[in-house]
Every structure is written in C-alpha cells, then in structure tokens.
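The values are calculated or read from the model by the stated rules, or taken from the named source; none is laboratory data. Predicted, not measured: the structure shown is a model, and the values here were computed from it. Reconstructed Cβ throughout: ideal geometry from the backbone, glycine too, with neighbour counts over all protein chains shown. All accessible areas refer to the heavy atoms of the entire protein, side chains included, with ligands and DNA or RNA removed. Shrake-Rupley method; radii C 1.70, N 1.55, O 1.52, S 1.80 Å.
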Amino acid sequence: MPPTPFRRPKRLILDELKKCGAVAVIRAEVTEQLPETVAALLAGGLRAIEITLTTPDGVGVIAELAARYSRDDILLGAGTVLDPEEAAAAIAAGAEYIVSPSIELDVIAYCRDVGVASIPGAYTPTEVRAAVKAGADVVKIFPASVGGPKYIQDLRGPLPGARLMPSGGVSFETVAPFFAAGAFAVAVGSLLVDKELMRERKFDQITANTCRFMDLVAASRPE
C-alpha cells in the first residue's frame with residue numbers, strides 16, 4: 001500500500017494534541033446536526049475533533065470538515081479505525097491522527113510508515129506496553145471509568161514514557177484528577193456531544209458546556 005499524503009508533520013500534531021488537552025469524540029447515528037455541533041465545539045474552544053468511522057459516511061464527514069476549516073481552526077482525527085484501508089481513506093480525507101478501540105498492529109504499522117499519529121486503545125499494562133512497542137504515539141486508556149485517575153497514575157509508574165489518553169469516565173469532576181495523574185490528554189464524548197442537545201438543536205448549550213470543560217482543562221494542566 002503506497003504512503004498517503006498528509007498535511008503536517010506528526011510531531012506537530014502530537015504537540016497540538018497536547019496543547020489542546022482534550023479530544024471531542026463524535027459518534028453519531030445521523031449526520032444532519034454534525035456541522036453545527038462541530039461549530040459549537042470549536043466556539044467553546046475545543047479544536048481536536050475525532051469523527052468515528054461508525055458515523056454514517058464518516059470519511060465523507062472528515063473530508064467536509066477538512067474543506068470547511070483551516071488547519072489553524074481544527075485538528076481532525078478519525079476514530080474506530082480497524083484496518084489500514086480505513087486509515088488510508090481517513091488520512092486522504094484530512095484526518096491527522098488515527099484512533100482505534102484496540103491494538104490493531106497493522107493500523108499502527110501503516111500510520112508509522114506514512115508518518116501519521118496513531119492512538120490505539122488499551123487497558124492493561126501489558127496492552128499499553130505492546131501498543132508502545134508496536135509504535136503507537138499515544139495510547140487511549142478505555143474504559144478509564146473503571147480505574148479512574150488513580151489507575152492512570154499507577155500505569156505511569158512502570159511506563160513513565162507512555163503518552164496516556166483516558167477515555168470514558170472523563171467528566172467535569174474528573175478532568176483535573178486525570179491530568180494530575182499524568183494524562184497526556186483526555187477524550188470526551190457524550191459529556192459534550194450530547195445527543196439530546198444535538199437533536200433539540202441546543203448548540204449554544206453545547207458551546208457553554210465546552211467552554212466550562214476547556215476552562216477546567218486549562219486550569220488542570222501543569223505549566
């Protein structure tokens with residue numbers, strides 16, 4: 001499979017993800033409200049947007065957002081990527097980081113070969129080590145709600161070099177403890193991408209919730 005062109009160096013994307021501190025995960029059953037939802041998240045100060053490929057025409061949604069926004073405005077990623085073909089399609093559409101729910105070695109290898117950030121999912125120390133050894137740039141710890149911030153702290157003891165991104169269980173109350181435990185960034189879904197708010201088109205409330213969350217992110221991270 002030939003390398004797929006991408007827009008910015010991986011090291012820059014990783015720096016941007018760390019700077020953003022949070023990734024909004026959009027997993028939608030319909031796409032009608034997605035443009036306004038993304039606009040609401042951006043207005044609230046959250047630039048890192050992950051479109052899962054379980055979303056109808058997820059690759060098309062990524063392409064549409066890539067065409068609509070500049071790279072200074074949005075940091076686009078693709079989620080629930082299960083094979084190199086999906087990764088290649090998402091990258092070609094404009095995704096700059098690839099997220100998987102599990103350790104997909106062929107996806108990690110493909111991303112490594114084309115220079116795109118890879119973020120597989122894992123939970124145990126063995127899985128985290130396997131992901132890092134395979135070339136993962138960040139490891140998504142899911143479900144982080146099981147062990148909470150203390151589990152992130154415990155993982156970082158034997159694996160201090162691993163960039164860990166808790167997903168699941170990230171809330172207004174837990175975001176500060178997760179960063180205190182050493183999280184590289186956090187992934188947040190329904191807390192901000194609320195399906196009821198989307199359905200009722202309460203995008204101002206999504207923006208307000210996002211502002212509140214990002215203020216907590218900014219206040220939680222060490223200087």
Q. Of all the residues that make up region 14-28, how many are part of a strand (DSSP E or B) and open to solvent by less than 10 Å² (accessible area, probe 1.4 Å)?
A. 4
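Could you check how many residues of region 108-130 are in a helix (DSSP H, G or I) and either farther than 20 Å from VAL23 by Cα or touching an Asp or Glu at 6+ places or on another chain (Cβ under 6 Å) (or both)? Talk me through it step by step, then tell me what you get.
Just the residues of region 108-130 that are in a helix (DSSP H, G or I), to begin with: 108-114, 125-130.
Narrowing the set further to residues that are either farther than 20 Å from VAL23 by Cα or touching an Asp or Glu at 6+ places or on another chain (Cβ under 6 Å) (or both) leaves 109-110, 112-114, 125-127, 129-130.
The total comes to 10.
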Q: Check VAL193 against each of (1) open to solvent by less than 30 Å² (accessible area, probe 1.4 Å); (2) among the β-branched types (Val, Ile, Thr); (3) outside any loop (DSSP other than H, G, I, E, B) and name the one condition it does not meet.
A: (3)
Q) Given (1) open to solvent by less than 50 Å² (accessible area, probe 1.4 Å); (2) not in a strand (DSSP E or B), where does LEU82 come up short, assuming only one miss? A) (1)
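Kindly establish whether TYR110 is open to solvent by 10 Å² or more (accessible area, probe 1.4 Å) and of a type in the set (Phe, Trp, Tyr).
On the way: open to solvent by 10 Å² or more (accessible area, probe 1.4 Å): yes; of a type in the set (Phe, Trp, Tyr): yes.
Spelling it out, TYR110 is indeed open to solvent by 10 Å² or more (accessible area, probe 1.4 Å) and of a type in the set (Phe, Trp, Tyr).
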Q. If only one of ALA183, ALA208 is assigned to a helix (DSSP H, G or I) and over 24 Å from ALA90 (Cβ atoms), which one is it?
A. ALA208
Q: For region 164-189, name all the residues that are over 13 Å from the mean Cα position of the chain (by Cα) and either of a type outside the set (A, V, I, L, M) or under 20 Å from LYS133 (Cβ atoms) (or both).
A: GLY169, SER171, PHE172, GLU173, THR174, PRO177, PHE178, PHE179, GLY182
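Given the residues ILE98, ILE62, ILE91, ILE49, which is the only one that is modelled with pLDDT of 95 or more, more than 14 Å from the chain's Cα centre (by Cα) and β-branched (Val, Ile, Thr)?
Working: ILE98 fails: more than 14 Å from the chain's Cα centre (by Cα); ILE62 fails: more than 14 Å from the chain's Cα centre (by Cα); ILE49 fails: more than 14 Å from the chain's Cα centre (by Cα).
Just a single option satisfies the conditions, and that option is ILE91.
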(Q) For a quick check of your reading of the model, give me the residue pairs whose first member lies in region 78-100 and is within 16 Å of LEU65 (Cβ to Cβ), whose second is in a strand (DSSP E or B) and among the hydroxyl-bearing types (Ser, Thr, Tyr), with beta-carbon atoms closer than 7 Å and at least 6 apart or on different chains. (A) GLY79/THR52; ILE98/SER118
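I need the full set of residues from region 199-220 which are crowded, with 16+ Cβ neighbours inside 10 Å and either modelled with pLDDT under 95 or within 20 Å of the chain's Cα centre (by Cα) (or both), in order please.
Initial filter on region 199-220 (crowded, with 16+ Cβ neighbours inside 10 Å): 203, 206-207, 209-210, 213-214, 216-217, 220.
Listed by number, the residues that qualify are ILE206, THR207, ASN209, THR210, PHE213, MET214, LEU216, VAL217, SER220.
Here is a check on your reading of the model: is ALA95 in a loop (DSSP other than H, G, I, E, B) and buried (at least 24 other Cβ atoms within 10 Å of the Cβ)? Full working, then the answer.
Working: in a loop (DSSP other than H, G, I, E, B): yes; buried (at least 24 other Cβ atoms within 10 Å of the Cβ): yes.
The answer is yes for ALA95.
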Q: Could you tell me whether region 173-187 includes any residue that is closer than 20 Å to THR55 by Cβ and either in contact with a Lys or Arg (Cβ under 7 Å, 6 or more places away or on another chain) or surrounded by fewer than 24 Cβ atoms within 10 Å (Cβ to Cβ) (or both)?
A: yes
